[in-house]
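Everything below concerns the one structure shown next.
The values are calculated or read from the model by the stated rules, or taken from the named source; none is laboratory data. Computed from a prediction, not measured in an experiment: that's the story for all the values here. Cβ atoms come from the backbone with ideal geometry, glycine included; neighbour counts cover every protein chain shown. Areas reflect the complete protein model, heavy atoms only, side chains present, ligands, DNA and RNA absent. Shrake-Rupley method; radii C 1.70, N 1.55, O 1.52, S 1.80 Å.
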Amino acid sequence: CSTDSPNQRWVQSCCPRNIPEKLKEAFRGKYGQMPLFFACAPGRVNLIGEHIDYCGYAVLPMAIEQNILAAVSVSDSKTIQLANTEPKYKDFTVSVDGIFIDRENPQWHYYFLCGVRGIQEHLSLSSLAGMCCMVDGTIPASSGLSSSSALVCCAGLVTMEANQKPLSKVTLAETCAKCERYIGTEGGGMDQSISFLAEEGTAKLIEFNPLRATDVRLPDGAVFVIANCCVEMNKAASSHFNMRVVECRIATKMLAKARGLDWSHLLKLGDLQKELQVSLEQMLELVEEVLHPEPYSRDEICKTLGISTEQLCEDILSANTQHATDFKLYQRARHVYGEAARVLQFKAVCDSSPANAVTQLGDLMNRSHASCRDLYECSCPELDQLVDTCLQAGAVGSRLTGAGWGGCTVSMVPGERLDSFLQTVREHYYVPDARRSALEKQSLFVTRPGGGAAIFIEE
């Protein structure tokens, strides 16, 4: 199925061959009928390229087998009824004419409604078909494996199919990336792009403006293992994520001002590099020359840019960073430009496939984690402990994946070390802690590149 043709049937690559019986039974028990169709969207693991998609830089994720799956029927009820196979996620019903998303209260159903509203607005639909939906999922929540974005993507796909308005994968990815901002997360589009553009058996280099995906063949002889540190982090429920977006935005403007550019329209560090037409190495030199390692105050930023505090708050800060007083511009910019270079190096090694490819890729992953930990400060003690444990257990490379502040690590492990690696990580990280031990079976697993989002109609 082409990524830009809306008229071809969706590839059914991420959907299970047999829809889980518990989903079908839950749907029938709730709504008294069988579903018309199913939609699924996979989670993802980002191999390298953390917190740089919203700065305009390429990332290198792959879809995973774990997904969000929805059973759906269509009606003329003028309501959207949402239910979940997991009892802790409460039922929700809303009129198709009264969709409201409460960004102060990021509950699961509001993520679903982000996808619904995004497709409605993109297609300029005056009204929507009524729907009954039962949602199931195998992606651990708040784990850094994109459960929330997969839910948004699944909802977008459901809305497209229910209203019989075919869209291309690229259009769906771009629309779902934008509409997740309804709940307050100012992400860059990686999660939604890989959910729609993934193909089984290959990782993808995802580039933006325009959105495009390139196959990346991972080296033979090594496997990727995901391990959850068992600390949950909800991006929309805190300001950590958006604070990094804002710091990168301010760094962009400060660097542009130092180079005599019109900084007012520049928002991304990647756009600044394009404007200056220089290399990533030269951008790192510019960061060293212009920015200081000490945190910047509001007053210093305003004085440098020649703006008032009110303008800073209204034009640059996001809704949930209005309280911020100190900004680490040097550290954030250094991470972004360094990480952007590591992504390109990672792909180059995969493409050239040298004899020591696994070692080289592992080193890039290790340097990525160090940068996330020390410069971007998006790790946490448990993630750092887990990374250290994975390296001691035999991984050649290990790093946090996803937004950070909790969630998962991804480790590259030589195939011959896999069994001993898994055993050692279990014994040293999970078994000593009762809560972790209880979660271990769903927290430590080997992953392979999976396929993308799909509509599935059971025969």
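List of remarks:
- Strands (runs of 3 or more DSSP E) completely within region 153-253 that count 3 or more residues being of a type in the set (A, V, I, L, M, F, W, C) and under 16 Å from the mean Cα position of the chain (by Cα): 203-207
- Considering (1) open to solvent by 50 Å² or more (accessible area, probe 1.4 Å); (2) of a type in the set (Gly, Ala, Ser); (3) at pLDDT 95 or above, the lone condition that Ala319 does not fulfil carries the number (3).
- When restricted to residues that are of a type outside the set (Phe, Trp, Tyr), touching a strand residue (DSSP E or B) at 6+ places or on another chain (Cβ under 8 Å) and touching a residue at least 60 places away in the same chain (Cβ under 8 Å), region 215-250 contains 14.
- Here is the figure for region 76-104: residues that are open to solvent by less than 60 Å² (accessible area, probe 1.4 Å), more than 30 Å from Arg448 (Cα to Cα) and not in a strand (DSSP E or B) total 6.
- Of all residues in region 47-75, those being in contact with a strand residue (DSSP E or B) (Cβ under 6 Å, 6 or more places away or on another chain), open to solvent by 10 Å² or more (accessible area, probe 1.4 Å) and within 15 Å of Asn209 (Cβ to Cβ) number 2.
- Residue in region 284-306 that is modelled with pLDDT of 95 or more, open to solvent by less than 60 Å² (accessible area, probe 1.4 Å) and part of a loop (DSSP other than H, G, I, E, B) present: yes
- Residue in region 383-395 that is touching a residue at least 60 places away in the same chain (Cβ under 8 Å), polar (S, T, N, Q) and farther than 15 Å from Val446 by Cα present: yes
- Scan region 111-136 for residues that are buried (at least 24 other Cβ atoms within 10 Å of the Cβ) and assigned to a helix (DSSP H, G or I) and the total you get is 8.
- Checking Val216, Val223, Val246 one by one, the residue that is open to solvent by 20 Å² or more (accessible area, probe 1.4 Å) and either touching a helix residue (DSSP H, G or I) at 6+ places or on another chain (Cβ under 9 Å) or among the aromatic types (Phe, Trp, Tyr) (or both) is Val223 and no other.
- Flag if Thr185 is open to solvent by less than 30 Å² (accessible area, probe 1.4 Å), out of contact with any Gly (no Cβ under 8 Å at 6 or more places or on another chain) and modelled with pLDDT under 95: yes
- The requirement of being over 19 Å from Cys378 (Cα atoms), without any contact (Cβ under 8 Å) to a residue 40 or more places away in the chain and aliphatic (A, V, I, L, M) is satisfied by Ala355.
- For the criterion of being within 30 Å of Glu382 (Cβ to Cβ) and hydroxyl-bearing (Ser, Thr, Tyr), Ser124 fails.
- Leading residue by the ranking (farthest from Met62 (Cα to Cα)) among those in region 420-429 that are free of Cβ contacts under 8 Å to residues at least 40 places away in the same chain and crowded, with 16+ Cβ neighbours inside 10 Å: His428
- Arg417 vs. criteria of a type in the set (D, E, K, R), at pLDDT 95 or above, surrounded by 19 or more Cβ atoms within 10 Å (Cβ to Cβ) and closer than 22 Å to Gly362 by Cβ: no
- Check on Arg417, over 30 Å from Cys154 (Cβ atoms), among the basic types (Lys, Arg) and in contact (Cβ under 8 Å) with a residue 12 or more places away in the chain: yes
- If the condition is being among the polar types (S, T, N, Q) and at pLDDT 95 or above, then region 96-123 contributes only Gln120.
- Tabulated pairs, region 87-110, first under 16 Å from Ala26 (Cβ atoms), second part of a helix (DSSP H, G or I) and among the hydroxyl-bearing types (Ser, Thr, Tyr), C-beta under 9 angstrom, 6+ apart or interchain: Phe92/Tyr110; Trp108/Ser148
- Residues of region 259-270 satisfying the condition of being open to solvent by 50 Å² or more (accessible area, probe 1.4 Å) and either in a helix (DSSP H, G or I) or β-branched (Val, Ile, Thr) (or both): Ser264, His265
- Region 441-459, residues that are surrounded by fewer than 19 Cβ atoms within 10 Å (Cβ to Cβ) and closer than 17 Å to Cys390 by Cβ: Phe445, Val446
- Looking across Leu69, Leu36, Leu60, one residue alone is closer than 30 Å to Val349 by Cα and hydrophobic (A, V, I, L, M, F, W, C). It is Leu60.
- Boolean, Gln360 is at pLDDT 95 or above, touching a helix residue (DSSP H, G or I) at 6+ places or on another chain (Cβ under 7 Å) and assigned to a helix (DSSP H, G or I): yes
- Selection within region 29-67 - part of a loop (DSSP other than H, G, I, E, B) and within 19 Å of the chain's Cα centre (by Cα): Gly49, Glu50, His51, Ile52, Gly56, Tyr57, Ala58
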